[in-house]
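Everything below concerns the one structure shown next.
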Amino acid sequence: MAESSLPKSSKANLENELNPTSSPAAEGVSHPNTSVSANFIKRIVATLVLAPVCVLAVVQGGVVFKVLTAICAIIAACEWAFMVGKGQVKWKTYSLCGMFSFAGLTAIYAGGIGLAVVSMVSIVSAIVIYLLGRLYKLHPLSLMFGAVYVTFPFGAFVYLRELSTNTQFMMFAIFAIVWGTDTAGYLAGKAYGGPLLAPKNSPNKTWTGAIGGVIYAALAGAAAANLTQSSMIMWLFWAIFLSIAAQQGDLIESMFKRKFGIKDMSNIIPGHGGLLDRLDGLMAAVSIAAIMNLFFPDIMLSLLGD
């Protein structure tokens, strides 16, 4: 369609997409917008569908949990491979997808043994895939980071779930804190606008949204403390820490998406984009929780009221 035949509003949107400096966000400030978008409704519907699946998998544990985690790892692996391999010959991208998937599945198996083994799998995978990237002359450092990104978090999921029955509550708490942070941050940012958090990497995220997400996390932490009859102060610190970590995980992925010129990792989840777009914050939070349990198990036990 010729540009002259586009409506004025479409022209403006196209300009903002192709030339971000012409948008209000380029000024470093997001303006309030209280309208409920169709995209947000899709996000809510997708969450209502996916959340029960995640809860059921955690409750069931065993093979059900590992199979679901494996499916997620394969999808995440392919999303990262296709992002880095964008515009390259297909066989390179497909081979990277296979390598990432194998590494992710190995990490999931290792999660049932221990986090130290998961770490070894991640390190070896990072080295091998880095060398493959050098061979392919294809962003070796981004591939190396991706190798860790699609191995350690998924191995950590299994590691946490198989520790004991009590860790089920911790996983549910992490889900509630991370996904609630995302939704609360989105709503606060839309409602109040304000200075952008990271304009170069994520032009839609604001400091207002980040603070709104942290406030929600603190409330969720207080609720968890009441449910477990454990230290309110510890749960508040833990929830706020996880909220900040989740938001940082989101920003790190946004940095890579901006580097490779894509908006979403894929379009597999309506309203969210790719699986990694939905799980980025959760992967960061679960990784931190697993490391915390490895080095400070007494703190984790005290959070659970044991």
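Readers should treat all values here as calculations from the given coordinates under stated rules, not as data from a laboratory. Just so we're clear, the structure is a prediction, and the values are computed from it rather than from any experiment. Because the Cβ atoms are built from the backbone with ideal geometry, glycine has one as well, and the counts that use them run over all protein chains shown.
Which residue fluctuates the most in the chain, going by a Gaussian network model with Cα springs under 10 Å, if the choices are Leu48, Leu160, Leu131? Maximum fluctuation in the GNM of the chain, among the listed residues, is at Leu48.
Packing order of peptides 147-159, 290-302, highest average first: 147-159, 290-302 (average count of other Cβ atoms within 10 Å over each peptide's residues). Annotation: peptides 192-198, 246-252, ranked by per-residue average of other Cβ atoms within 10 Å with the highest first, follow the order 246-252, 192-198.
Highest average first, the peptides 105-114, 278-287 ordered by how many other beta carbon atoms sit within 10 Å of their residues are 278-287, 105-114. What pairs from Lys42/Lys66; Lys200/Lys259; Lys66/Lys257; Lys42/Lys257 go past 20 Å between their alpha carbons? From the list (Lys42/Lys66; Lys200/Lys259; Lys66/Lys257; Lys42/Lys257), the Cα-Cα distance tops 20 Å for Lys42/Lys66; Lys66/Lys257; Lys42/Lys257. Over the chain, DSSP H runs of length four or greater, each weighted -39,500 (n - 2.57), average out per residue to a 222 nm ellipticity of -25000 deg cm²/dmol. The relative contact order of the stretch 206-306 comes to 28 percent, based on Cα pairs under 8 Å that sit 6 or more residues apart.
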